[in-house]
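Some notes on the structure that comes next.
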Amino acid sequence: MVVCGDDGLAHRLSAELRGVYGEQVVLVVPPNARTARRPVVGRPRSAPAALFDRVVSVAAGRGGPVPGGGESGASGRRTAGERVLEAEFLTEQVLAEAGVERAAALALVYEDDETNIRAALTARRLNPRLRLVLRLYNRRLGQHIEELLDQAAVLVGESEESVRDAATSVLSDADTAAPALAATAVAGTGKVIQAEGLLLRAVERAAPPAGGPAPPGLCTLALLSTDGDDEGPVLLPDDAEVRRAGDRSRVMLERFSAAEGAAAGNGLGVGGVPPLSSLFSKQLRWSLAVLAGCVIALAVALSIVTDIHPVRAFYLTLLDLFAIDEPALGEPLGRQILQLLSGLVGLLLLPVLLAAVLEGLGTFRTQSALRKPPRGLGGHVVLLGLGKIGTRVLIRLRELHVPVVCVEGNPEARGLAVARRLRVPVVIGDVTQEGVLEAAKIHRAHALLAVTSADTTNLEAVLYARGVRPDLRAVLRLYDDDFATAVYRTLRVAHPLATTRSRSVSHLSAPAFAGAMLGRRVLGAVPVERRVLVFASVDVANRPQLEGRTLASAFEPGVWRALAVEGAPDTPPDRLLTKDDRVVIAATRRGLAEFG
């Protein structure tokens with residue numbers, strides 16, 4: 001196996017292939033100065049953040065070495081099952097030296113899409129049988145590149161079996177991690193995996209009361225750890241362990257079904273025109289509604305007083321409103337009073353109509369401008385950072401119809417165009433500066449989701465927000481896994497009434513990339529605290545773990561569990577699995593390695 005990259009995902013993926021699957025790996029990285037352990041970058045740390053760093057360094061020092069640490073990128077260094085090459089550019093000579101011509105799979109996980117595409121084209125020419133896994137942010141381009149590289153393998157005259165083995169997989173760490181980050185930030189929102197026409201939904205459930213019924217769900221995927229428990233969660237427990245779990249919360253598989261319809265749109269009307277309700281403010285819409293009600297009431301009253309047809313009464317009322325009817329001299333007193341009232345309503349209506357016209361024109365004119373958080377906003381998610389990961393998380397939150405306010409310090413960030421298109425309020429400013437989070441209505445927010453590229457910025461923003469709202473739900477994106485673990489444990493102790501989650505994008509993405517390199521169809525990964533549960537689709541044929549067993553009995557506690565037959569989500573648990581079936585399994589990393 002060959003892994004090429006320039007950030008933590010490459011090191012994490014190499015460790016995954018070696019430690020979980022026992023594969024021999026050649027890791028190609030930039031020179032040592034760029035492969036040293038990534039520092040905590042960002043603006044100068046505040047006193048709370050610096051103090052927290054000192055606390056964390058003690059906790060992290062008790063852990064083992066971190067994949068991608070400073071020494072792992074040394075030129076020519078070999079560890080168990082790994083050889084490291086250093087190269088500034090990924091040329092044909094570098095790929096040849098890495099052994100691409102003899103390798104089974106190549107993963108290209110540079111942050112730059114163009115670098116990955118160039119290297120993939122070169123590698124396909126060197127080895128048409130090579131299984132390629134590319135990291136691309138541009139999904140549409142990725143589909144075309146996948147077809148192009150697979151077609152290139154066909155054109156060299158390889159056998160059908162070789163072409164299948166040489167399949168190209170295009171993945172995005174942003175797409176892999178975004179659903180987990182978004183789901184963690186929203187209470188009651190399940191961890192949803194949707195791929196190949198399937199939809200799986202896992203949710204966190206509180207423990208049932210003593211003697212009470214079990215929480216609703218198809219099966220228990222994990223038992224969560226309790227306060228003071230350093231052993232972590234229990235993945236894929238059996239029924240006996242679930243009964244002994246006591247008051248431990250759990251992750252339940254709530255749903256397994258065919259995928260539903262398309263996700264929600266971008267909030268715009270037909271042809272990109274905003275819906276009518278977005279053209280006018282709520283106050284203006286209420287004013288128009290009240291005045292319309294007054295007009296109708298006056299027309300009804302005129303019809304009753306003068307005993308004329310309702311349509312004619314409505315017409316006369318409109319004439320009175322706009323002062324184009326003759327005075328009601330000599331008319332009954334009721335008619336005269338109604339005419340005066342109609343004129344008064346007309347005086348009130350004209351400025352409201354003018355305001356509606358100006359506001360509507362202003363809405364069309366500012367469609368390309370960023371919106372500000374509206375007054376009275378509450379119960380929303382504050383999203384810090386609109387880079388590659390933040391943009392995908394924003395899209396996911398809007399698909400879930402969750403109100404969002406974004407905070408971004410770079411006015412040229414790639415996600416601002418998406419926020420503008422989705423009409424999401426954005427605050428431009430440094431999140432560590434006083435007043436910026438307040439402008440995002442953090443005191444009334446439901447959750448804070450910090451996904452900037454700087455660990456210290458994310459941590460400092462969460463610490464500041466906790467000073468404003470001690471009970472605020474907070475989710476951090478942290479690069480270093482030891483650092484993330486220490487942050488999670490410390491904040492959980494310091495704020496026991498609040499929910500804190502720390503997430504590493506490379507930690508969430510590595511299982512999917514590793515599974516693709518081994519030719520397995522990984523549907524997605526669900527984070528369970530600091531561990532990951534992988535969902536994959538596997539063939540039953542030639543697998544004694546599955547063939548001839550029922551769906552319910554195809555289960556190895558703590559390792560893997562068969563969930564359903566692909567294409568038949570409502571399969572009964574006592575159905576026997578045949579060699580023609582393909583099943584969806586939930587597995588730990590070790591469990592996925594058993595399905596080689």
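The values are calculated or read from the model by the stated rules, or taken from the named source; none is laboratory data. This is a predicted model, so every value here is computed, not measured. Every residue, glycine among them, receives a Cβ derived from its backbone with ideal geometry; neighbour counts consider all protein chains shown. Quick note on the areas: whole protein, heavy atoms, side chains included, nothing else; ligands and nucleic acids left out. Shrake-Rupley method; radii C 1.70, N 1.55, O 1.52, S 1.80 Å.
Structure data summary
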item: Conditions (1) closer than 16 Å to Pro179 by Cβ; (2) buried (at least 19 other Cβ atoms within 10 Å of the Cβ): number failed by His401; result: (2)
item: Qualifying residue in segment 504-515 (condition: closer than 30 Å to Leu463 by Cα and outside any helix (DSSP H, G or I)); result: yes
item: Selection from segment 582-596 of residues that are touching a strand residue (DSSP E or B) at 6+ places or on another chain (Cβ under 8 Å), open to solvent by 20 Å² or more (accessible area, probe 1.4 Å) and either of a type in the set (Asp, Glu) or assigned to a helix (DSSP H, G or I) (or both); result: Arg589, Glu594
item: Condition check for Gly548: on the phi > 0 side of the Ramachandran plot and at pLDDT below 85; result: no
item: Hits in segment 528-550 (condition: open to solvent by 10 Å² or more (accessible area, probe 1.4 Å) and more than 20 Å from Val251 (Cα to Cα)); result: Asp539, Ala541, Asn542, Arg543, Pro544, Gln545, Glu547, Gly548, Arg549, Thr550
item: Leu546 more than 17 Å from the chain's Cα centre (by Cα), in contact (Cβ under 8 Å) with a residue 12 or more places away in the chain and not in a helix (DSSP H, G or I); result: yes
item: Residue check for Glu196: charged (D, E, K, R), modelled with pLDDT of 80 or more and within 20 Å of Arg392 (Cβ to Cβ); result: no
item: Extreme residue, farthest from Val418 (Cα to Cα), among residues of segment 111-135 that are within 23 Å of the chain's Cα centre (by Cα) and surrounded by 22 or more Cβ atoms within 10 Å (Cβ to Cβ); result: Val133
item: Subset of segment 551-581 (residues that are open to solvent by 30 Å² or more (accessible area, probe 1.4 Å), modelled with pLDDT of 85 or more and outside any loop (DSSP other than H, G, I, E, B)); result: Phe555, Glu556, Arg561, Leu576
item: Tally, over segment 507-527, of residues that are open to solvent by 20 Å² or more (accessible area, probe 1.4 Å) and not β-branched (Val, Ile, Thr); result: 5
item: Where a residue in segment 578-592 is over 13 Å from Gln545 (Cβ atoms) and its partner, wherever it lies, is polar (S, T, N, Q) and open to solvent by less than 10 Å² (accessible area, probe 1.4 Å), with Cβ under 8 Å and at least six apart; result: Arg582/Ser537; Val584/Ser537
item: Answer from Glu146, Glu82 - the residue that is acidic (Asp, Glu), closer than 20 Å to Ala512 by Cβ, at pLDDT below 90 and open to solvent by less than 70 Å² (accessible area, probe 1.4 Å); result: Glu146
item: All positions within segment 87-102 that are at pLDDT 90 or above and of a type in the set (Asp, Glu); result: Glu92, Glu97, Glu101
item: Matching residues in segment 390-421 - criterion: being closer than 20 Å to Arg375 by Cβ and either aliphatic (A, V, I, L, M) or assigned to a loop (DSSP other than H, G, I, E, B) (or both); result: Val402, Pro403, Val404, Val405, Val407, Ala419
item: Among (1) over 30 Å from Tyr137 (Cβ atoms); (2) in contact with a Leu (Cβ under 8 Å, 6 or more places away or on another chain), the one test that Ala541 misses; result: (2)
item: Subset of segment 338-373 [in contact with a helix residue (DSSP H, G or I) (Cβ under 9 Å, 6 or more places away or on another chain), modelled with pLDDT under 70 and open to solvent by 40 Å² or more (accessible area, probe 1.4 Å)]; result: Glu359, Gln367, Ser368, Ala369, Leu370
item: Members of segment 374-398 that are open to solvent by less than 10 Å² (accessible area, probe 1.4 Å) and on the phi > 0 side of the Ramachandran plot; result: Gly385
item: Selection status of Val26, among the β-branched types (Val, Ile, Thr), modelled with pLDDT of 90 or more and open to solvent by 10 Å² or more (accessible area, probe 1.4 Å); result: yes
item: Test result for Arg139, open to solvent by 40 Å² or more (accessible area, probe 1.4 Å) and at pLDDT 90 or above; result: no
item: Failed criterion for Ala419 (all others in (1) small (Gly, Ala, Ser); (2) open to solvent by 30 Å² or more (accessible area, probe 1.4 Å); (3) in contact with a Cys (Cβ under 6 Å, 6 or more places away or on another chain) hold); result: (2)
item: Members of segment 469-485 found to be at pLDDT 75 or above and open to solvent by less than 10 Å² (accessible area, probe 1.4 Å), listed by number; result: Leu472, Ala474, Val475, Leu476, Leu478
item: Flag for Val487 being of a type in the set (Val, Ile, Thr), over 26 Å from Leu224 (Cβ atoms) and touching a residue at least 40 places away in the same chain (Cβ under 8 Å); result: no
item: Set Ala207, Ala152, Ala187, Ala178: member being closer than 24 Å to Ala510 by Cβ and either of a type in the set (A, V, I, L, M) or modelled with pLDDT under 75 (or both); result: Ala178
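Residue-by-condition table, conditions (1) of a type in the set (D, E, K, R); (2) modelled with pLDDT under 75; (3) not in a strand (DSSP E or B):
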{"position": "Val203", "(1), (2), (3)": "no, no, no"}
{"position": "Gly211", "(1), (2), (3)": "no, yes, yes"}
{"position": "Thr220", "(1), (2), (3)": "no, no, no"}
{"position": "Glu231", "(1), (2), (3)": "yes, yes, yes"}
{"position": "Pro237", "(1), (2), (3)": "no, no, yes"}
{"position": "Glu241", "(1), (2), (3)": "yes, no, yes"}
